[in-house]
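Notes to accompany the following structure.
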Amino acid sequence: MVTVAAAKTADLTIVGGGGHVGIPLVLAFAEAGFRVNVHDVNREVLATLRSGRLPFIEHGGEDLLARALKEDRLIFTSTPAEISPEGPVIITIGTPIDEFLNPVRKVVQDCVDALLPHLVDGQLLVLRSTVFPGTTEWLDGYLKRKGRDFKLAFCPERMVQGHGVRELKETPQIISGTTPAAEDAAAKLFSSIAVELVMVKPREAELAKLFNNAYRYIEFATANQFYQIAKSAGLDYRRVYDAMRRNYPRARGIPSPGFAAGPCLMKDTMQLAAFAQNQFSLGNAAMLVNEGLVLHICDDLRRRYDLSRMTVGLLGMAFKADIDDTRASLSYKIKKALLSLADAVLTTDPFVTTDPELLPLDEVIGRSDLLILCAPHAVYRELDFAGKPMVDVWGFLQNANVIS
Ligand SMILES: NC(=O)c1ccc[n+]([C@@H]2O[C@H](COP(=O)([O-])OP(=O)(O)OC[C@H]3O[C@@H](n4cnc5c(N)ncnc54)[C@H](O)[C@@H]3O)[C@@H](O)[C@H]2O)c1
């Protein structure tokens, strides 16, 4: 680890700076000329970054990382005592939901508690993680009760995972602060990397972020339910989808059906449901549809085939296309369901490096009786999969023997 003296020279600290949100933000500020303290409890990730590699796919990130290291713009720390005592501090740690699908405020509290002895009153403290509405106000009161006086802001991240480097350059930044001074300081900080700032109050910013994600999740659920309705009626949804959208501007935004998964969309929809006292019927319905899609596929296959005699191959174990992240991937939910139905389940993914059960694509195609496209990675698009029956709910593959 670097010395305390070295960390003191940072212009800005990003807590959780080795995470999926943290890294693109670190790179954006470094590119804008900041010397960034990349602070993360995960030392392995810091070592990977220090060696010039990204710990996961972040398109366009490697060149920026190389440049930031070359220009000595990054400082790596893993304990709060090492962090820079000056400059803004941006918190980008994970904010999970618990087994009751409720937010876990304690992770924010624990993180702030650990940082507090090493922060100086007057510093700008920015919450960037997605939080339950009211968290910023709560933190403001919590800090005041401890006799501390920071400029506290909430500026949510809205990038799409894997494309943060590009999206930080294109996406307006939502800025809020608990005081005008906090708001101004946050606006000044983000104006150095952002195309546009949208100024709102903390509670508005918290809701805007959750509404963005819940809306996307509901859109996916709409598409998935349309798919299921068409299929139950014995129709090929691809034809209906094309008819709905072709040169019809109002339908252009309807997504394709598919596995709506990953660490954010369901979690944030459930945070919103918890905030709405579980009176968020659209959000809860979206969860049932999106999570239910994989079970619907299994049920359909079970009716059509004697799965107990078949080997099923799953293509793409990441939670979405062209990334290597398996967090909350529905590919694993369908794998689990099929393990009790099929003779064998084989899995493959060109990007995922964390799953020892993955096999090469050729082997999965060769040994499987039936294939399911779980993540529509671009490399699969034009393959012919040896004519094996293929489930492609996405309507993505061009040369496969698609059965549904
Ligand atoms: N992943 C996305 O695409 C995305 C997009 C927008 C918003 N968000 C939100 O951003 C937040 C972070 O998500 P993520 O996907 O980057 O999570 P992540 O797990 O990839 O990254 C979080 C990082 O924080 C580190 N960390 C945790 N506790 C820490 C602590 N006390 N001190 C220092 N480091 C700590 C972890 O080691 C990890 O590297 C969440 O609130 C998420 O909902 C995520």
- Query: Out of all the residues in segment 379-386, is one or more farther than 20 Å from S256 by Cβ and open to solvent by 40 Å² or more (accessible area, probe 1.4 Å)?
  - Reply: yes
- Message: Among the residues that make up segment 106-114, is at least one of them at pLDDT 95 or above, closer than 24 Å to A10 by Cβ and more than 10 Å from the ligand (Cβ to nearest atom)?
- Response: no
- Within the set of pairs 6+ apart or on separate chains, which have a first residue in segment 351-378 that is under 9 Å from G316 (Cβ atoms), a second that is of a type in the set (V, I, T) and modelled with pLDDT under 95, and C-beta atoms under 9 Å apart? L373/V402
- Can you name the residue in segment 98-127 that is in contact (Cβ under 8 Å) with a residue 40 or more places away in the chain and touching a helix residue (DSSP H, G or I) at 6+ places or on another chain (Cβ under 7 Å) and is also farthest from K267 (Cα to Cα) among such residues? L124
- Selection within segment 134-174 - among the charged types (D, E, K, R) and open to solvent by 50 Å² or more (accessible area, probe 1.4 Å): E137, K144, R145, K146, R148, D149, K151, R158, R166, K169, E170
- Identify all residues within segment 354-375 that are surrounded by fewer than 22 Cβ atoms within 10 Å (Cβ to Cβ) and assigned to a loop (DSSP other than H, G, I, E, B); write none if there are none. T354, D355, P356, E357, L358, L359, P360, D369
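The values are calculated or read from the model by the stated rules, or taken from the named source; none is laboratory data. Quantities reported herein were computed from a predicted structural model and do not represent experimental measurements. Glycine gets a Cβ as well: all are built from the backbone with ideal geometry, and neighbour counts include every protein chain shown. Keep in mind that these areas ignore ligands, DNA and RNA; they rest on the heavy atoms of the full protein, side chains included. Shrake-Rupley method; radii C 1.70, N 1.55, O 1.52, S 1.80 Å.
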